[in-house]
Amino acid sequence: MTILYLDCGMGAAGDMLMGALYELADDKRGFLAGLSGLTVAGVEIEALASEKCGIAGTHMRVLVGGREEQSLDAVDVHDHGDHDVHHHGHEHTRHDDHDHHEHDHYDQGDRHDHDHHEHDGAPDHHHDPGAQSHTHTHSSLPAVSEIISGLGLPEEVRDDALAVYQLIAEAEAHVHRRPVDEVHFHEVGTLDAIADVVGVSLLMHELSPDEVVASPVHVGSGQVWCAHGLVPVPAPATAYLLRGIPTYGGEIRGELCTPTGAALLRHFVDRFEPQPTMAVERIGYGMGSKDFAAANCVRAMLGGHAGGPGTVIELAVNLDDMTGEAIGFAVEELFAAGALDVWTSPIGMKKGRPAVVLSCLCDLSRRDDLIATLFRHTSTLGVRGTPHDRWTLERAVEDRRVGERTVRVKRASGWGVTRAKAEYDDLATLARDEGVTLDEARRRVEGSS
C-alpha cells in the first residue's frame, strides 16, 4: 500500500504542492513538457532550484504574459509602505453590481532572489493598498470549466481539476453570499491557478498513491490586504475550504495557506493527522517565495507501510428499537460504504430490553462515511469509536479453471503462513451446476491447482 504524506507545517499553496510532487515524479522532464503542451497560450511553467533554510527544493514558477503574481501580508505594507506593491490573488470575484475584487491580495515585491514566487502566484500589477483596482477581464466557473475540459487531459485528471475549481467557486460563493454562477474569477489569477490545479492533478495521477495523508495545516497569522482593506488570515475563502480540517496559527505573520492550496488538500487528502508509520522511499520539497525563520516549503513523502500494525477504527452503536430486517439492511449499507467487517452482538439494556450492538471496522479514511451511514440507517443518537492496531496477511485473488468454469481463489501469506480458499459464491455455483456437494466442489478446485 503506497502512502503519500504531505507535511503542511508551513501551509500549502498550489505551486508549493506542485513543486513537492514534481520532485517525486520519475519523469520530471516529461511532466514539464506535457504540462507546457496542455496549458493555455501565454502561460509558462518553470521548475527552478530553490533553497530555504539550507534545504534544497523546487520552486514552480508560473508566468502569465512573462510575469508572475506576488502577495502581500499586512506587515509587509507597514514595513515597506513607500515601495510599490503587486496585485495577487487566484480566487478573485466580481459581483455584477460591484466592480471590485473582494479577494485581491497585494505584495510589496521586495524579493530576495530571482525565483521568489509567493503562494499561488500570477503576474504582478502595481498598486497601492486600498487604491482603485485596474480593470480586468473575469472568467465565470463555466468558462474555467471549458478551459480545463479543452486541455486534452486524461479523464481522471480532468475530473479532479474540475472538482477542485468547483470547491473554490463554492467557497467564494459562500463568502460573498452569492450563487455559484455569479462568482467570477480574475482572468490572470485564473490562468495561474489552472496551471497549479492541473499540474497537481497530473502528478497525483502519475504517482497514484493508495492513500493521501496530510498533517494539520499551518495557516499563518495576521492580516492580508484586499481591495477594500485588510482581511484576517486565513482569508475567508481559505477558512471556508478548511472547515473540518485540523489547522493552527502561530507566531509566523503571513498567509501560509491559500484558497487554491486549501481546495487541493480538501479534494485529494484522505485524512489529516501526524505522519503515520511508513517506510519513506522518496522525499520532495516544494518551495514558496518568502523567507521565514522556518523553511517555507511543503514536504511530500512517498512510501509504504513499514511492516508495523495498521490502524483501524471500530465504530459501534447500541440498538433496542429496530427490527432484524432493518438491522440487516444497515449491515449491507455499511459494507457498501467501505466497512472492512460488520457484526452484531446481543446485549441487554435498561428496563430489561433485549438489544444488539451493531459494530463495524473501517480504515481511518472511511471513518466519516461510516459514521454518516450509521446515523442514516439506524435509530442511534450517538456513535462511539475505538482505534485498534491491526496486523494482516498479504492477500491476493487468482482465477482457477475447473472444467469450463472459473473459480476465484483467495490467497493469504505472511508471518510464516500460507493459505488458500475458494470464494464461496463460486464454489456454491460449481456445486449446483455439477450436482455435487460443496466439499466435492472444493476438492475439485484444490485438485485443479
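The values are calculated or read from the model by the stated rules, or taken from the named source; none is laboratory data. The shown structure was predicted, so the numbers you read here are calculated from the model rather than taken from an experiment. Please note: Cβ atoms are built from the backbone with ideal geometry, for glycine as well, and neighbour counts cover all protein chains shown.
The residue pairs whose first member lies in the range 378-407 and is under 18 Å from residue 342 (Cα atoms), whose second member is outside any loop (DSSP other than H, G, I, E, B) and among the acidic types (Asp, Glu), and whose beta carbons are closer than 9 Å, counting only pairs six or more residues apart or on different chains, are 384/314; 385/314; 386/314; 387/314; 388/314. For the range 219-230, filtering for residues that are in contact (Cβ under 8 Å) with a residue 60 or more places away in the chain and either of a type in the set (Gly, Ala, Ser) or surrounded by fewer than 21 Cβ atoms within 10 Å (Cβ to Cβ) (or both) leaves 7. Would you check if residue 386 is among the hydroxyl-bearing types (Ser, Thr, Tyr) and farther than 30 Å from residue 431 by Cα? Yes. Restricting attention to the range 252-281, the residues that are under 9 Å from the mean Cα position of the chain (by Cα) and part of a strand (DSSP E or B) total 1.
Of the candidates 271, 253, the single residue that is in contact with a helix residue (DSSP H, G or I) (Cβ under 8 Å, 6 or more places away or on another chain), over 29 Å from residue 198 (Cβ atoms) and not small (Gly, Ala, Ser) is 253. For residue 303, the conditions (1) buried (at least 22 other Cβ atoms within 10 Å of the Cβ); (2) part of a strand (DSSP E or B) all hold with the exception of (1). For first residues located in the range 255-272 and basic (Lys, Arg), partners that are crowded, with 24+ Cβ neighbours inside 10 Å and lie 6+ apart or on another chain with Cβ distances below 6 Å form the pairs 266/241.
Quick check: anything in the range 414-431 modelled with pLDDT of 90 or more and of a type in the set (Phe, Trp, Tyr)? Checking the range 414-431: at least one residue is modelled with pLDDT of 90 or more and of a type in the set (Phe, Trp, Tyr). Looking for something in the same structural domain as residue 318 (by TED's automatic domain parsing) and exposed (fewer than 12 other Cβ atoms within 10 Å of the Cβ) - is there at least one such residue anywhere in the range 365-380? Checked the range 365-380: at least one residue is in the same structural domain as residue 318 (by TED's automatic domain parsing) and exposed (fewer than 12 other Cβ atoms within 10 Å of the Cβ).
When you check residue 213 against the structure, is it assigned by TED's automatic domain parsing to the domain that holds residue 52, within 17 Å of the chain's Cα centre (by Cα), surrounded by 19 or more Cβ atoms within 10 Å (Cβ to Cβ) and closer than 28 Å to residue 393 by Cβ, yes or no? Yes, satisfied.
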